[in-house]
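Colleague: Below: one structure in structure tokens.
The values are calculated or read from the model by the stated rules, or taken from the named source; none is laboratory data. None of the values given here were measured: they were computed from a predicted structure. Glycine also receives a Cβ, built like all others from the backbone with ideal geometry; neighbour counts cover every protein chain displayed. Surface areas here come from the heavy atoms of the whole protein model, side chains and all, with no ligands, DNA or RNA. Shrake-Rupley method; radii C 1.70, N 1.55, O 1.52, S 1.80 Å.
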Amino acid sequence: MTNVVFDIARSKGIRYFLISFTDLFGVQRSKLVPAESIDAMAANGAGFAGFATWLDMTPADPDILAIPDSASMFQLPWQRDVAWMPADLYTINRQPIEQAPRLVLKRVLNQAKELGYSIRTGVECEYFLLSPDGNSISDPRDRSSKPCYDQQALMRRYEVIREICNGMLTLDWGAYQNDHEDANGQFEMNWMYADALVTADRHAFFKYMVKAIAEKHGLRATFMPKPFVHLTGNGCHTHLSVWDTAKSANLFHDEQGELGLSPLAYQFIAGVLHSAEALCAFSNPTVNSYKRINAPVTTSGATWAPNTITYSGNNRTHAIRIPDVDRFEFRLADGAANPYLLPAALIAAGLDGIANKRDPGSRYDNNSYTDPLSSERVKQLPSNLLDALRSLEANTVLPQALGERFVAAYLKLKHQEWNNYSSCITPWELENTLDC
């Protein structure tokens, strides 16, 4: 057996590898493998007990194999003797695990490829830097009612931001800007768009990197959608464009089209709008998610999250924004979204729009915060996770594209999560009904 990966490791000073996969709830699971064993693991996979993770398996199921993708290797910029490799999940007999998120995305990308398309995406990942106990933002001086782009607050966290950005530069992601976001203690860091699977792997690693570097500096980072009721929540705005398979032509761009977009782009947008309620089960996958998209006004004056299933031009109050002539921005998704399931569901919905030549209708250019559209005119977003799950159950587009087995497993586990939440007695209930 050749020592391909081991030779790379030796040349780069890598002593250990994290063979990592992301489960249905977005939790990253890993085994730490010494470099001397990595080629055997790359060929045969690392064994995991599927029931021990969120994959809808039982203790009676055989072990699963996580086979790392050596083409997607990230040497940890802050720990150079360790490298992270995303893995795909298979049975002992080398059959793909249908509910494995990375394989779900690959399945949808293959569907796009068969139609002559390649998909490119970019993500804007917002996060908070908190105190170690997670109870408050880490900077007590960050108190402005409109803290977005605040230079002083940004530079007080320079050491953390610099190390994360240096990491992305070292990894050659094309990092190009960092800023303080709309909430106190909130930040965003941007890197260049890429093929959808590349972006998904980078998204998964970015979340790990931010948390690890924050801990290194004695802080805690969170991508939780709405950690503070009075502050803007964490979005995960996703930019998407469709290209030919040679990746030489952006099929969304049309100089003669409205706002510079092609009929294909509007069909894709129409598909996303058509399945938006069901799509929320993936773009807004937690109980907490719906405290961001249905939130009251924050201290900054706006939530920056949509509340209707609508599209617009360069207008940030709608679910879909068209900021330029070559792409659209999906503003609905939040920080809890699974890096693989979010693009998979978004692409699946869009491909349905193309296949059925769906029409998105006229765009809306109203300010949804000051001049909201009524439910008689436009569809409203789900009010909670249960509504989103029921929308997914009623949807026929996403299960067909993503896989019936996967959707059934996802719904089962998410209904369990909702039931666990519903059984909890909250402080609000005690305060408001104890003396009823």
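Colleague: Accessible area per residue, 1.4 Å probe, Å², for region 319-429: what's the number? Please report the intermediate quantities before stating the final value.
Modeller: Values: 4990 Å² over 111 residues.
Normalised by residue count, the accessible surface of region 319-429 is 45 Å².
Colleague: Taking the Cα-to-Cβ direction at Ala194 and at Trp428 and moving 7 Å from each Cα, how far apart do the two end points lie in nm?
Modeller: 4.0 nm
Colleague: Return the distance in nm (one decimal) between the two label points of a simple spin-label model at Gln151 and Ala40, each offset 7 Å from Cα along Cα→Cβ.
Modeller: 5.8 nm
Colleague: Rank by packing, highest mean first: peptides 361-373, 257-269, with packing defined as the count of other Cβ atoms within 10 Å averaged across residues.
Modeller: Top to bottom by mean Cβ count within 10 Å: 257-269, 361-373.
Colleague: Charges only on Cβ, +1 for Lys and Arg, -1 for Asp and Glu: so what's the dipole of the chain about the Cα centre, in debye to the nearest 20?
Modeller: Value, rounded to 20: 420 debye.
Colleague: Work out, step by step, the length gained on full extension between Glu393 and Tyr176: first 0.36 nm times the residue separation, then minus their alpha carbon distance; give nm to one decimal.
Modeller: Values: separation 217, 0.36 × 217 = 78.12 nm, distance 4.01 nm.
Stretched out fully, the Glu393 to Tyr176 stretch lengthens by 74.1 nm.
Colleague: I've got another one for you. With an 8 Å Cα cut-off and a minimum separation of 6 or more residues, compute the relative contact order for the chain in percent. Before the final figure, lay out the partial values.
Modeller: Values: 872 pairs, mean separation 66.4, N = 436.
Across the chain, relative contact order equals 15 percent.
Colleague: So between Trp78 and Ser383, what do we pick up on full extension, going 0.36 nm a residue minus the alpha carbon distance?
Modeller: Separation in residues times 0.36 nm, less the Cα-Cα distance, equals 105.7 nm.
Colleague: Could you name the aspartates and glutamates whose alpha carbon sits less than 19 Å from that of Lys12, not counting residues in the same chain fewer than 8 places away?
Modeller: Filter leaves Glu36, Asp39, Asp69, Asp81, Asp172.
Colleague: Using a cut-off of 14 Å between beta-carbons, work out the net charge of the residues near Ala52 (Lys and Arg +1, Asp and Glu -1, Ala52 not included).
Modeller: It works out to a net charge of -2.
Colleague: Right, here's the next one. With all protein chains present, how much of the accessible area of the chain (probe radius 1.4 Å) comes from carbon and sulfur, to the nearest whole percent?
Modeller: Ligands and nucleic acids excluded, carbon and sulfur reach 50 percent.
Colleague: I'd like the distance between the alpha-carbon centres of region 131-179 and region 319-369, rounded to an integer number of Å.
Modeller: 28 Å
Colleague: While we're here: Express in Å², to the nearest 10, the accessible area of Phe6 obtained by rolling a 1.4 Å probe over the protein heavy atoms while all chains stay in place.
Modeller: The accessible area comes out at roughly 40 Å².
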